[in-house]
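To keep things clear, I will list the structure first and then write my remarks on it.
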Amino acid sequence: MFDSLLQDLRYGARSLVRTPGFTIAAIVALALGIGANSAILSVVSGVLLKPLSYEQPDRLVTVLDKGYNGLAPGTFLDLRRQLHSFTQLGAAEYWTPAITGVAEPEKLYALRLSSDVLPMLGVSPALGRVWTTDEDATGREHEVVIGHGLWVRRFASDSNVLGKSVILDGNSYTVIGVMPRGFGFAPFWATRAELWAPLALDTRAGDYHAGSLRVFGRLKPATTIAAAQSEVTTLSSQLEQLYPGTTREVRVTDLTTQVVGKVRTPLLIILGAVAFVLLIACANVAHMLLARAARRQREIAVRVAIGATRARMIAQLLTESVLLALLGGIAGLGLAEIGVRVLAAQGASSIPRVETITLDPRVLLATAFITLLTGVAFGLAPAVRASNADLTSSLKEGERGSTEGRKNRTRSVLIASEFALALMLLVGAGLLIRSFVAMQSLNPGYDPANVLTMVVPVTGTSSSPEGKRAAFYDALLGKIRAMPGVQSASAVNHIPIGGDNWGIPFRIEGRPEPKPRDLPSASYKVVMPGYFATMRIPLLAGRDVSADDKMDAPRVVVINELLATRYWPGENPLGKRLSFGVDSSGARIWATVVGVVHNTIHGDWTAPPDEETFLPFAQQRAFLANPAGHYAYMSFALRAACAPTTKHCDPTALVPALRAAVHELDPNVPLSEVQPMSSLVDGATARERFYLMLLTAFATVAVALAAVGIYGVMSYAVSRRTHELGLRMALGARPQQLLVSVVRDGMIVAAIGGAIGVIGALAISRLMATLLFGVKATDPLTFVAVATMLGVIALVACYIPARRATKIDPLEALRAD
């Protein structure tokens, strides 16, 4: 048996070498299908299937309110004391300290963690230790564990780093540990953390309002998420009764879902799409093998005549197809390796756990299985068909066998299936294109072109004290506005898209005092003069914040159109008054509405706009009890002045001058997150762009394969009908009649496949509903456009060989018989 296999392999290899055109075409088709599948399998394996790199990750959960927002310190501490479903319950709070006292100050991405969190994850430091429970308290929290990247970048991989001091926000912290390479725990935030410090909550135990904590838990071994949810629901309801309006519905979610839940469905849809590409490639190669087998009928008949059994012939032909699949699989792995690198680079800003995407052993094993299955799948039907040929007819008729009708039906089925699959893929890509166009056409409420943004934190520097902070930002704004090439500039606490979105409760003058749970709230921004003009946010009524809106001036506020129409429908909101807090005596502080601006997109690109309030930076102390903790950084925006003949210019050219201006005012103040506003806007749709790129690429490959398939089948069919067509022309048939006849045969097959594809696309497109924006899953324009495009491609693929058929010389065709 082994000798027979070796003989079949040698014969199959020689056979493939003798037909290089066929071999190369088949290998390319299979390489595209197998390579695409392996690349996407790598993404699915790394992102969705590979366990999180923590101890028993299936027992880790998050505990958040129903909007996946954070919990207040008081709520968290009560839950930790009273819940019994968890072995550990910890909290994290986002922190962006500035490291100073060095040549190049820098803003870091960090988390403050309760002492439960790092032990809960089960990841030990590469050097040193983490803090203990008694160190997780006010006055003892000045210790940090740093990430591997920060250790390399700032400490030159010094193994003696433990015990060294680092200045963060003006305070000295001691390095007590270094986490291993690749650890960057920050599952709720876009940027991986590289520093962790204790979260001291003892002085905030009575705070049930500031929902700044992300809570993590480890379930007890026998406890299910449902049981934990039941206990959490009961306790949170009790807390809501004690502190009305503070504890909303709290949900328990497994950590893996929290990390990858948003990309699971899209990635599985794309995995299904590449499976379609592989099926199309298999169908292509199958009808190539059918055509090849038809040409080898005399050879097969001779081998059968001298004693080869049918099983032996099937084994030989299957060996050739599997060998062909192996060659395609090897080429496909090369394409997959390139594809994985491209996918990791393109998805870096939109796909979680992108660092885990590799051609790992699990993917290689799956690729080997797919390759073997593919070889058998596309080779079995041609092998059985060829081995079942009529011996007498094959020996008598040679190249033009007598079973063309059945073979043509088989090829027609393959071509119809190719077109059906291609249409389904194209519909999916078309829907994503329409959705992406709808996203791009959204008016964000501002003009991002030619705008440069940056974050300037002053925490821990000589400019940090409240009296000096305003002077520093005023001086910096003045320097920026005076720079050559700057048209206008201003600052806001959180830049749209690139910043956070905080809410603040308010009261409306003259309205009844609402219950705590019904208290209205709005997103609030602290702005400096000229912000709306710099961002080109249209002012619909009233005025902008001005330099005269100082602490000793009447309190003012600018609101957006949504807030105005909700609370004063049909009325003029100018002159109305809002209150955001009370003074030291408990009296309400009222701010007069002096302006109304256009709604803006601030958070998720496709989310509806929020109600917004804009407070003057100079009056911030009048609105908030602790403004120093909230506005230790501001986000600056400047609009570059372009040449009169150009609409767009590069605002990043101003970065060196900006750094020099900041350094001149205070060398310890870092300049961070410097980027064009257009990059932030592009990043807001990066994930959708990634999905669109993938599905469009696969749909293009599918259409190309389907077009090549129908062209190949039609060309082969014409070559096999040379005698028939020549006879018909000799009997008086006009070339136009033959042209129509041949094209009609091909288009009927394509039409049947298209009809099946439309039905399949209607079913599959509904699975894509969560990926779409501004377009329905059954959008008729997309279906009509895709069907028309595929119809044109099919027509061209049929017309070329049909046109060639009309050039047949009847005498030559009859003589060839």
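List of remarks:
- Enumeration of residues in segment 17-65 that are touching a Leu at 6+ places or on another chain (Cβ under 9 Å) and of a type in the set (Lys, Arg): Arg59
- Pick from segment 629-651, criterion part of a strand (DSSP E or B) and of a type outside the set (S, T, N, Q), ranking: farthest from Tyr473 (Cα to Cα): Ala640
- Of all residues in segment 168-209 being surrounded by 14 or more Cβ atoms within 10 Å (Cβ to Cβ) and free of Cβ contacts under 8 Å to residues at least 60 places away in the same chain, the one that is nearest to Gly683 (Cα to Cα): Gly184
- Taking segment 553-576 as the range and being within 18 Å of Pro616 (Cα to Cα) and surrounded by fewer than 17 Cβ atoms within 10 Å (Cβ to Cβ) as the test, the residues that pass are Ala553, Pro554, Leu574, Gly575.
- Annotation note: of Ser53, Ser124, the sole residue that is open to solvent by 50 Å² or more (accessible area, probe 1.4 Å), under 17 Å from Ala186 (Cβ atoms) and of a type outside the set (Phe, Trp, Tyr) is Ser53.
- The strands (runs of 3 or more DSSP E) located wholly in segment 478-573 that include 2 or more residues which are modelled with pLDDT of 90 or more occupy 486-492, 521-527, 539-542, 556-560.
- Scanning segment 722-739 for residues that are in contact (Cβ under 8 Å) with a residue 24 or more places away in the chain and open to solvent by 30 Å² or more (accessible area, probe 1.4 Å) gives Thr722, His723, Leu727, Met729, Ala730, Pro735, Gln736, Leu739.
- Screening the candidates Ser85, Ser157, Ser165 for the property of being crowded, with 19+ Cβ neighbours inside 10 Å and not basic (Lys, Arg) yields one hit, Ser85.
- Any pair with Cβ under 8 angstrom, 6 or more apart, that starts in segment 216-233 at a residue that is under 28 Å from Tyr94 (Cα atoms) and ends at one that is of a type outside the set (A, V, I, L, M, F, W, C) and in a helix (DSSP H, G or I): Arg218/Arg59; Leu219/Arg59
- Checked against (1) under 24 Å from Ile280 (Cβ atoms); (2) crowded, with 21+ Cβ neighbours inside 10 Å; (3) among the acidic types (Asp, Glu), Asp745 passes all but a single condition, namely (2).
- Residue tally, condition open to solvent by 70 Å² or more (accessible area, probe 1.4 Å) and either modelled with pLDDT under 90 or under 13 Å from Ala39 (Cβ atoms) (or both), over segment 327-336: 1
- Taken as a whole, segment 235-245 holds no residue that is in a helix (DSSP H, G or I), under 30 Å from Asn171 (Cβ atoms) and over 33 Å from the mean Cα position of the chain (by Cα).
- Filter pass, Ala311 being outside any loop (DSSP other than H, G, I, E, B) and modelled with pLDDT under 85: yes
- Which listed residue, of Leu658, Leu615, Leu680, Leu654, is in contact with a helix residue (DSSP H, G or I) (Cβ under 8 Å, 6 or more places away or on another chain), in contact (Cβ under 8 Å) with a residue 12 or more places away in the chain and not in a loop (DSSP other than H, G, I, E, B): Leu658
- Of the residues Thr374, Thr367, the single one that is part of a helix (DSSP H, G or I), open to solvent by less than 30 Å² (accessible area, probe 1.4 Å) and at pLDDT 85 or above is Thr367.
- Leading residue by the ranking (modelled with the lowest pLDDT) among those in segment 579-599 that are outside any loop (DSSP other than H, G, I, E, B) and within 19 Å of Tyr531 (Cβ to Cβ): Phe580
The values are calculated or read from the model by the stated rules, or taken from the named source; none is laboratory data. Quantities reported herein were computed from a predicted structural model and do not represent experimental measurements. Neighbour counts run over all protein chains shown; Cβ positions are idealised from the backbone, glycine included. Protein only, heavy atoms only, side chains kept; ligands, DNA and RNA dropped before computing areas. Shrake-Rupley method; radii C 1.70, N 1.55, O 1.52, S 1.80 Å.
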